[in-house]
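The values are calculated or read from the model by the stated rules, or taken from the named source; none is laboratory data. Keep in mind that this is a model prediction, so the values were computed, not measured. We place every Cβ from the backbone using ideal geometry, glycine too, and count neighbours over all the protein chains shown. Ligands, DNA and RNA are excluded from the accessible area calculation, which covers all protein heavy atoms including side chains. Shrake-Rupley method; radii C 1.70, N 1.55, O 1.52, S 1.80 Å.
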Amino acid sequence: TLHVLSTLASGITIVALSPGEELDRAALVIADMECDLTTIDVTDFDAIMAHAFPGSSYTWSSELVMSTVEPRWIDLAIGRSTTADEALQMIAAIHDRPPENSEGPGLEDLHGYGLAREWGERLVAALKDFRAGQLTWDDVDAGALLVGPPGTGKTLFASALARSSGLSFFPTSYAAWQSAGEGHLGSVLKAMRRVFSEASAATPALIFIDEIDTLLARGASQRNDDWWRTINNALLEALDGTARREGVIVIAACNDDANLDPALVRSGRLDRKFVVGLPDEADLSKILVHHLPSVSEVDIQPIAVTLAGSASGADAARIARDARQRARTEGRSVTGSDLLAVALPADDRPQIIRRRIAVHEAGHAVAILSRGSVPTSLSVAAASGGRVTYDRHQTELLLPDFSAQLSIQLAGRAAEEVVLGSVSAGAGGPAQSDLGKATGLAEMIEGRLGLGSRIGVVESADEAAVERRLRMAYADALLAAIQHRHAIEALADLALEKRVLGKAALAEFWHSFKPTKLPIINMKGGR
């Protein structure tokens with residue numbers, strides 16, 4: 001700044017700044033004129049062409065939007081052309097080239113992401129309106145933070161958003177800044193500012209800062225606080241810089257945002273926070289369908305249900321890749337069997353244990369089927385340990401509704417007793433076990449729902465009343481298991497063969513089995 005001020009005494013002074021750089025306030029105050037050369041309008045372009053090709057005319061393409069043409073390509077095209085039309089054709093060809101980030105899915109191809117996906121779709125629409133001059137940059141959400149465990153597709157989301165929006169994509173991280181030079185503070189700051197400078201020169205653009213939780217918050221640690229304070233301040237300056245605010249989106253990602261500097265997530269910076277978790281069964285199914293279009297959804301759905309909550313989008317992509325490789329080595333197209341073999345490896349548990357698990361889960365499934373509903377899936381694969389999932393329909397919250405739910409939860413234990421002659425501890429244990437859930441529900445009925453032996457709401461239900469209600473529900477479950485014993489055994493055999501059964505397979509089983517109720521024999525031996 002002192003050099004600029006001193007040169008004013010000897011004549012006219014012109015200061016050239018690269019995108020992302022800012023002039024000192026003292027110099028800005030005395031500047032007679034400010035000229036932004038990062039973008040030009042049609043009038044400027046006409047003047048450039050008239051100067052370069054005197055007397056020449058050209059036909060402007062209606063598909064070429066002047067605000068999206070980078071000035072550097074105009075210089076290149078004019079320097080290598082002999083006529084105005086030739087220069088314009090070259091500019092159009094350069095402008096229409098596929099962006100470096102063109103390979104890969106767009107936002108519309110992704111599944112899951114919840115509120116982050118909705119925000120991304122709104123941003124795509126807002127950027128379209130901004131380019132058309134119908135929206136100012138102040139009305140565009142220019143910053144967001146994605147938080148979630150590794151492998152949930154945070155980087156994929158950012159790159160897909162850039163593709164769908166037609167944005168230049170600049171992925172970066174603290175590790176990239178530190179490795180760009182000698183590793184000292186000056187080179188780290190220089191590398192960070194370079195990313196923002198390059199993005200500003202290639203607007204509209206999206207900067208993606210991965211693993212931003214590497215940056216410790218200012219004052220979070222007495223050790224090396226000066227280092228982290230300087231880097232955080234420089235990043236805040238880059239986020240707030242006037243050059244960045246026009247045409248540059250910044251998305252950051254981390255596994256845990258607890259230690260981020262609070263200033264980074266204030267309004268106008270990374271002020272939109274989205275938690276990106278593991279996909280649920282519906283989204284996981286769509287992801288697998290996307291990667292394995294030749295495999296039927298009937299084969300994919302039970303796998304998705306079994307892995308939901310434990311597999312990420314990256315895991316699904318790996319499973320699909322391994323399934324394709326398995327089929328490719330045998331010279332054929334990928335099938336549901338390949339997917340099953342890869343997603344759920346061979347079960348090495350003893351046959352006697354697998355049989356008990358199959359009977360237990362079949363008991364739950366048949367209890368649901370006999371009540372007119374079809375479970376979402378039944379799995380006896382080692383990955384799930386044994387599980388039946390089903391959709392619970394809304395009810396009037398009457399006592400019979402809760403009693404039916406208790407019987408379903410106890411149906412696995414009842415099936416073991418009826419079919420195998422004994423019960424295991426598999427239904428007991430933690431609160432999330434069958435008995436744990438049933439006991440919790442019985443306590444609610446007796447203590448907090450007003451449907452038990454007492455009307456008043458109490459925090460601790462009478463243990464004898466809870467036990468009595470559980471015994472009644474278990475008696476109903478035993479009766480149902482006796483009535484549908486053949487169905488339970490047949491479904492257990494099918495589960496052992498297939499390992500995973502989806503909703504369609506379970507519905508087909510129940511329809512084709514046509515189970516008949518066995519006669520009930522009373523204690524005296526009468527019929």
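Brief remarks follow.
- Total residues in the range 105-115, condition touching a Gly at 6+ places or on another chain (Cβ under 9 Å) and either assigned to a loop (DSSP other than H, G, I, E, B) or open to solvent by less than 40 Å² (accessible area, probe 1.4 Å) (or both): 5
- Residue match in the range 335-352 (condition: without any contact (Cβ under 8 Å) to a residue 40 or more places away in the chain, farther than 30 Å from Arg471 by Cβ, hydroxyl-bearing (Ser, Thr, Tyr) and open to solvent by 60 Å² or more (accessible area, probe 1.4 Å)): yes
- Residues that are at pLDDT 75 or above and among the small types (Gly, Ala, Ser) within the range 38-65 comprise Ala47, Ala50, Ala52, Gly55, Ser56, Ser57, listed in sequence order.
- Val147 vs. criteria over 28 Å from Ala314 (Cα atoms), out of contact with any Ser or Thr (no Cβ under 7 Å at 6 or more places or on another chain) and either open to solvent by less than 40 Å² (accessible area, probe 1.4 Å) or charged (D, E, K, R) (or both): no
- From the options His364, His360, His393, residue that is open to solvent by 10 Å² or more (accessible area, probe 1.4 Å) and in contact with a Pro (Cβ under 8 Å, 6 or more places away or on another chain): His364
- Meets criteria (open to solvent by less than 50 Å² (accessible area, probe 1.4 Å), under 22 Å from Arg499 (Cβ atoms) and part of a loop (DSSP other than H, G, I, E, B)) for Pro279: yes
- Residues in the range 245-265 that are within 27 Å of Thr136 (Cβ to Cβ) and either among the charged types (D, E, K, R) or in contact with a Cys (Cβ under 7 Å, 6 or more places away or on another chain) (or both) were compared, and the one that is surrounded by the fewest Cβ atoms within 10 Å (Cβ to Cβ) is Arg245.
- Screening Ala346, Ala365, Ala323, Ala381 for residues that are closer than 21 Å to Gly421 by Cα and of a type in the set (A, V, I, L, M, F, W, C) leaves exactly one candidate, Ala365.
- Restricting the first member to the range 137-158 and to residues that are under 13 Å from Asp257 (Cα atoms), and the second to residues that are among the aromatic types (Phe, Trp, Tyr) and outside any helix (DSSP H, G or I), the beta-carbon pairs closer than 7 Å and six or more apart or on different chains are Ala144/Phe274; Leu146/Phe274.
- Filter result for Ala125 (modelled with pLDDT of 90 or more and open to solvent by 20 Å² or more (accessible area, probe 1.4 Å)): yes
- When the range 74-90 is limited to residues that are under 14 Å from Asp46 (Cα atoms) and surrounded by 16 or more Cβ atoms within 10 Å (Cβ to Cβ), the one that is farthest from the chain's Cα centre (by Cα) turns out to be Ala84.
- Selection count where residues are part of a helix (DSSP H, G or I), of a type in the set (Val, Ile, Thr) and open to solvent by 40 Å² or more (accessible area, probe 1.4 Å), scope the range 431-488: 2
- Failed criterion for Ala425 (all others in (1) within 23 Å of Ile488 (Cβ to Cβ); (2) small (Gly, Ala, Ser); (3) touching a Gly at 6+ places or on another chain (Cβ under 9 Å) hold): (3)
- Evaluated against (1) within 24 Å of Ile303 (Cβ to Cβ); (2) in contact (Cβ under 8 Å) with a residue 60 or more places away in the chain, Ala382 falls short on exactly one condition, (2).
- Unmet requirement for Pro293, which otherwise passes all of (1) surrounded by fewer than 18 Cβ atoms within 10 Å (Cβ to Cβ); (2) within 26 Å of Val147 (Cβ to Cβ); (3) not basic (Lys, Arg): (2)
- Residues of the range 118-136 that are touching a residue at least 24 places away in the same chain (Cβ under 8 Å) and under 20 Å from the mean Cα position of the chain (by Cα): Trp119, Gly120, Leu123, Val124.
- Meets criteria (of a type in the set (Val, Ile, Thr) and in a helix (DSSP H, G or I)) for Thr230: yes
- Every residue from the range 387-402 that is modelled with pLDDT of 85 or more and either polar (S, T, N, Q) or part of a loop (DSSP other than H, G, I, E, B) (or both): Leu398
- Restricted to the range 307-383, the set of helices (runs of 4 or more DSSP H) holding at least 2 residues that are more than 32 Å from the chain's Cα centre (by Cα) comprises 351-369.
- Taken over the range 194-218, the criterion of being open to solvent by 20 Å² or more (accessible area, probe 1.4 Å), in contact with a helix residue (DSSP H, G or I) (Cβ under 7 Å, 6 or more places away or on another chain) and farther than 20 Å from Leu260 by Cβ is satisfied by Pro204 alone.
- Gln405 meets the conditions (1) open to solvent by 60 Å² or more (accessible area, probe 1.4 Å); (2) assigned to a helix (DSSP H, G or I); (3) free of Cβ contacts under 8 Å to residues at least 40 places away in the same chain in every case but one. The failed one is (1).
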